[in-house]
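This report refers to the structure that appears directly beneath it.
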Amino acid sequence: MKVGLVRHFKVTHGYPKKYITAEELVKWEKEYNESTVEEKEIELSQVKWEKCFSSDLPRARETAERCFDGTIIYLEELREVALSPFFQKKIRLPLFIHIFFIRFAWIVNHKSQLEKKSDVLKRVNKALDLALQSGEDVLIISHGGVMKYMTKELKKRGFRGPKFRRPENGMLYTFVK
């Protein structure tokens, strides 16, 4: 059995180049989630993918529709973890500082975060359970952070596959059992 993980195509909506408040960060994330993507060819390794599961966010949907001809099953469980600003005041910071504090707060289960790490693992496992139940070769289109957790869970389930720090947009990562 094979599982192919693909990170969505690169998003055309850029990153803020100035200092932003938490409110502006939330607005930017909404625009990013609704942005169009830069399509590219995806090499699917000559595998006949039987099923395809995708995050229901537009950038993943577009990627899935471009690389899979059959029926695609869209799941909220495959969405990226939402950004929950750590600083709620009008403090202006560069995006990377906001992200640093958000990730730290998320790792330590700070109350500012909408979703706990354990909740993300539950939804990743729920999506994998659904995708793997048929025993067929399956393609999963998702997001970078979620893919890292899927990789760990696939390895716990006996799959072998590549390691990556930050998955490349529109690149196939194949796991085999």
Study note, to complete from the structure: Checked region 135-150 for anything surrounded by fewer than 21 Cβ atoms within 10 Å (Cβ to Cβ), touching a residue at least 60 places away in the same chain (Cβ under 8 Å) and assigned to a helix (DSSP H, G or I); matches are GLY144, GLY145
Practice item. Tell me, yes or no, whether region 99-118 has at least one residue that is in a loop (DSSP other than H, G, I, E, B) and under 23 Å from GLU38 (Cα atoms). Key: no
Check your understanding: If you go through region 112-169 one residue at a time, how many are touching an Asp or Glu at 6+ places or on another chain (Cβ under 9 Å) and polar (S, T, N, Q)?
Key -> 4
Review point. PHE104: free of Cβ contacts under 8 Å to residues at least 60 places away in the same chain and either of a type outside the set (Ser, Thr, Tyr) or closer than 30 Å to GLU136 by Cβ (or both), yes or no?
Key: yes
Review point. If you go through region 12-35 one residue at a time, how many are acidic (Asp, Glu) and under 16 Å from the mean Cα position of the chain (by Cα)?
Key: 2
Review point. Which one of these is more than 12 Å from ILE141 (Cα to Cα), touching a residue at least 12 places away in the same chain (Cβ under 8 Å), of a type outside the set (Ser, Thr, Tyr) and not in a helix (DSSP H, G or I): GLU43, GLU31?
Key: GLU43
Review point. Does at least one position in region 121-134 carry a residue that is under 20 Å from ILE73 (Cα atoms), in contact with a helix residue (DSSP H, G or I) (Cβ under 7 Å, 6 or more places away or on another chain), modelled with pLDDT of 95 or more and assigned to a strand (DSSP E or B)?
Key: no
Practice item. Could you list, in sequence order, all residues of region 158-177 that are part of a strand (DSSP E or B) and either charged (D, E, K, R) or loosely packed, with under 12 Cβ neighbours inside 10 Å (or both)? Key: ARG160
Exercise for review: Being modelled with pLDDT of 95 or more and either of a type in the set (D, E, K, R) or more than 14 Å from the chain's Cα centre (by Cα) (or both) is the filter here, so list the residues in region 138-151 that pass it.
Suggested key: VAL138
Exercise for review: Would you point out the residue of region 13-42, among those that are under 16 Å from ILE99 (Cα atoms) and among the aliphatic types (A, V, I, L, M), that is surrounded by the fewest Cβ atoms within 10 Å (Cβ to Cβ)?
Suggested key: VAL26
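Please tell me if ARG79 is under 26 Å from LYS17 (Cα atoms), modelled with pLDDT of 85 or more, in contact with a helix residue (DSSP H, G or I) (Cβ under 8 Å, 6 or more places away or on another chain) and among the basic types (Lys, Arg).
Working: under 26 Å from LYS17 (Cα atoms): yes; modelled with pLDDT of 85 or more: yes; in contact with a helix residue (DSSP H, G or I) (Cβ under 8 Å, 6 or more places away or on another chain): yes; among the basic types (Lys, Arg): yes.
For ARG79, the condition - under 26 Å from LYS17 (Cα atoms), modelled with pLDDT of 85 or more, in contact with a helix residue (DSSP H, G or I) (Cβ under 8 Å, 6 or more places away or on another chain) and among the basic types (Lys, Arg) - is met.
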Practice item. Test each condition in (1) more than 18 Å from HIS8 (Cα to Cα); (2) of a type outside the set (Gly, Ala, Ser); (3) surrounded by 20 or more Cβ atoms within 10 Å (Cβ to Cβ) for PRO94 and report the one that comes out false. Key: (3)
Exercise for review: Check PHE100 against each of (1) crowded, with 18+ Cβ neighbours inside 10 Å; (2) within 23 Å of LYS10 (Cα to Cα); (3) of a type outside the set (D, E, K, R) and name the one condition it does not meet.
Suggested key: (1)
Exercise for review: Collect the residues in region 112-132 that are of a type outside the set (Ser, Thr, Tyr) and closer than 17 Å to PRO85 by Cα, keeping them in residue-number order.
Suggested key: GLN113, LEU114, GLU115, LYS116, LYS117
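The values are calculated or read from the model by the stated rules, or taken from the named source; none is laboratory data. Note that this is a predicted model, so its numbers are computed, not measured. We place every Cβ from the backbone using ideal geometry, glycine too, and count neighbours over all the protein chains shown.
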